[in-house]
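The structure under discussion appears below in the form of structure tokens.
The values are calculated or read from the model by the stated rules, or taken from the named source; none is laboratory data. Note that the structure is a prediction, hence the values are computed from the model and not measured. Here the Cβ positions follow ideal geometry from the backbone for every residue, glycine too, while neighbour counts run over all protein chains shown. Just so you know, the surface numbers come from the protein's heavy atoms only, side chains and all, with ligands and any DNA or RNA stripped out. Shrake-Rupley method; radii C 1.70, N 1.55, O 1.52, S 1.80 Å.
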Amino acid sequence: YFGRSYFFFMKAAPSGEKVVGIDLFEPGETATQADPYAALLAHGARLGLPVDRDLIIRADSRLLAAPAITEQCGKVRFFSIDGGHSLGHVKADSALARACLADHGIIAFDDAHNPLWPEVTVGISDFIRENRGGFCIVAFSRFKAYACRLEFRGLYRRVLMDSPFLDCLGKEEAEYLGSKALFLRVPMRNRLLHEAFLRLGLPAIAERAFCMSAAPARKADRDD
């Protein structure tokens, strides 16, 4: 829409990696939302991450076939779903993601478990049940769920457990629709310290506080 996740992927992607964005880019209700596509281009210029217009698909994702994406970038390693939040949208987007995905690919569902968008959670559950034996949820957080093919669950679980970049996260194993998944969470103390230092005008210290290594989960933290 305005490119926040899109630019994150562009920043994180290695040189030469292609990042494809899909959106309707429909105008919103406020003046700042009048032309989301123009805003996307302007944000890219400001961030030093110019948008490759050939890799932006202005379309309803429910009407897209997989070749519209794979002809641009090949099989997809990471497919982020953050479009329409109705059950029909989630089912269509997850089917499109599955058709585009590389064997080792990840599908990331936004707004999973969000009480404001209950049909997203239903759509994720339907996707896993309909692909039982093929896909599983390997990890989830408060509002994200990450699916992969079952044969790669062990690999991604080891990466999530062992990566030093994720030491700030608490990690607990949970049963999720027939397989073991890791619940990833930022400990409450990290979030409180982050917010406190931000309000004091100390963003560098706030970032360090947010990224402090997580201690073993305490019962008081598990509701986070």
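Within the bounds of segment 33-54, is there any residue that is among the hydrophobic types (A, V, I, L, M, F, W, C) and in contact with a strand residue (DSSP E or B) (Cβ under 6 Å, 6 or more places away or on another chain)?
no
Considering only residues that are more than 13 Å from the chain's Cα centre (by Cα) and aliphatic (A, V, I, L, M), which ones fall in segment 103-136?
116, 120, 122, 124, 128
Is segment 110-118 home to any residue that is open to solvent by 30 Å² or more (accessible area, probe 1.4 Å), in contact (Cβ under 8 Å) with a residue 12 or more places away in the chain and farther than 26 Å from residue 211 by Cβ?
Yes, segment 110-118 contains at least one residue that is open to solvent by 30 Å² or more (accessible area, probe 1.4 Å), in contact (Cβ under 8 Å) with a residue 12 or more places away in the chain and farther than 26 Å from residue 211 by Cβ.
Would you please name the residue that is nearest to residue 185 (Cα to Cα), looking only at residues in segment 105-126 that are outside any strand (DSSP E or B) and in contact with a strand residue (DSSP E or B) (Cβ under 6 Å, 6 or more places away or on another chain)?
112
Conditions (1) open to solvent by 30 Å² or more (accessible area, probe 1.4 Å); (2) at pLDDT 95 or above; (3) closer than 16 Å to residue 85 by Cα; (4) in a strand (DSSP E or B), marked per residue:
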residue: 128; (1), (2), (3), (4): no, yes, no, no
residue: 136; (1), (2), (3), (4): no, yes, no, yes
residue: 153; (1), (2), (3), (4): yes, yes, no, no
residue: 156; (1), (2), (3), (4): yes, yes, no, no
residue: 175; (1), (2), (3), (4): yes, no, no, yes
residue: 180; (1), (2), (3), (4): yes, no, no, yes
